[in-house]
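Colleague: Please read through the structure below; I'll follow up with questions.
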Amino acid sequence: MRKSMLFASDLDQTLIYSHRSLTPSSKADPILPVERLDNRDVSFMTQNALKLLQELSGQILFVPVTTRTILQYSRVNLQGYGICPRYAVTSNGGTVIQEGCEDKAWKEQVLAGNVNCADVRDLLSKFREISHPSWVLKESDKLADDLFYYCIVDREKMPYSELDDFALWAGKLRWTLSIQGRKLYLIPYHVSKKSAILYLQEKEGLSTLAAAGDSLLDLELLQQADAAFAPSHGELFLQYQMGVFTAKRINNQGIQFTRTSGIGAAEEILRHVLKMLD
């Protein structure tokens with residue numbers, strides 16, 4: 001590798017994009033499938049983005065970092081394009097995968113953190129006081145990878161004021177509420193992308209961290225990075241447009257938002273990271 005750098009990137013809506021994200025203009029560019037489910041191609045990257053990621057992953061340590069469960073991550077096929085990450089972070093940081101096997105030392109650290117947050121049964125009992133089939137469309141019958149809870153929601157029908165109150169209450173018990181697209185997540189504070197990536201950065205002895213992501217669950221990681229990139233769409237960009245980040249440098253360089261929105265943003269992010277190697 002040419003540089004002592006780790007590039008940690010979120011997947012969905014940062015590097016890879018679903019059918020719903022593809023606009024008529026984006027479909028004009030060559031796109032290739034990177035995920036298949038139920039005999040259908042469901043996630044894509046542009047041909048150029050895949051070439052850039054191939055080049056980048058050959059020079060520095062590229063680590064996909066995602067809120068997807070282990071099973072959901074296993075459907076992503078970058079290997080078919082010659083991109084074989086040595087590590088992956090799944091479950092919002094709760095799991096580190098090294099060459100196909102779960103990192104047991106990291107899992108022990110994560111499990112040890114459970115003593116510092118409230119029992120999930122207490123959290124869900126309180127959440128179900130406000131949840132209703134009118135806006136909670138589908139609930140998981142168990143914790144995702146035994147770490148966090150999520151459900152599918154109708155954002156237009158959610159009781160935002162009640163959820164704000166619940167989020168404040170949950171925060172005191174060291175749980176985070178995050179809404180991304182059609183999913184509502186409840187995640188313990190100690191299960192985070194940032195902590196897992198710092199663990200890998202120390203393990204590999206890499207001095208520089210570049211990171212990319214589109215959601216508030218990526219924010220802590222981006223704040224930690226030496227260089228941080230985000231697409232001009234998604235949860236983080238919305239917060240930026242609302243003025244939450246205006247005139248506030250959240251790391252040494254600030255988050256650099258792409259000029260391009262949609263699937264083309266991945267190419268722009270990868271070009272920025274490659275320039276760091278010059």
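Colleague: Distances longer than 14 Å among the Cα atoms of the range 106-150: what percent of all pairs is that?
Modeller: 59
Colleague: Of Gly80, Ser195, Pro159, which is farthest along the charge dipole of the chain in the positive direction, counting Lys and Arg as +1 and Asp and Glu as -1 at C-beta?
Modeller: Comparing the listed Cα positions along the dipole, Gly80 ranks first.
Colleague: Hey, what did the range 68-213 get for relative contact order, percent, Cα under 8 Å, at least 6 apart?
Modeller: The value is 24 percent.
Colleague: Hey, got the dipole for the range 1-104? About the Cα centre, +1 on K and R Cβ, -1 on D and E Cβ, debye to the nearest 20?
Modeller: Magnitude of the dipole: close to 120 debye.
Colleague: What fraction of the DSSP beta bridges in the range 1-124 is antiparallel, stated in percent and rounded to the nearest 5?
Modeller: Approximately 70 percent, going by the DSSP bridge assignments.
Colleague: Counting only residues 5 or more places away or on other chains, whose amide H sits under 5 Å from the amide H of Ser215 once H atoms are built in the peptide plane?
Modeller: Leu236
Colleague: Could you tell me what percent of the accessible area of the chain is made up of carbon and sulfur, with a 1.4 Å probe and every protein chain present?
Modeller: 48
Colleague: If you average the C-alpha positions of the range 13-79 and of the range 168-200 separately, how far apart do those two centres end up, in angstrom?
Modeller: 24
Colleague: Which entry in (1) 197; (2) 133; (3) 142 matches volume of the Cα convex hull per residue in Å³ derived from the coordinates of this structure?
Modeller: Entry (3).
Colleague: Given +1 on the Cβ of Lys and Arg, -1 on the Cβ of Asp and Glu, and no further charges, what dipole in debye does the chain carry about its Cα centre, rounded to the nearest 20?
Modeller: 300
Colleague: Right, here's the next one. Can you tell me the length gained on complete extension of the stretch Arg271 to His132, counting 0.36 nm per residue apart and subtracting the Cα distance?
Modeller: Between Arg271 and His132, full extension yields an extra 45.6 nm.
Colleague: May I pose another question? Here is the link list: Lys203/Lys275; Lys138/Lys183; Lys51/Lys275; Lys142/Lys183; Lys107/Lys203. Which ones come out longer than 18 Å on Cα distance?
Modeller: Lys203/Lys275
Colleague: Here's another thing I want to ask about it. Would you mind getting the accessible area per residue of the range 69-205, heavy atoms of the protein chains only, 1.4 Å probe, in Å²?
Modeller: Computed with neighbouring chains in place, this is 53 Å² per residue.
The values are calculated or read from the model by the stated rules, or taken from the named source; none is laboratory data. For clarity, every value in this text was computed on a predicted model and none was experimentally measured. Virtual Cβ from ideal backbone geometry, glycine too; neighbours counted across all protein chains shown. SASA here: full protein model, heavy atoms, side chains in, ligands and nucleic acids out. Shrake-Rupley method; radii C 1.70, N 1.55, O 1.52, S 1.80 Å.
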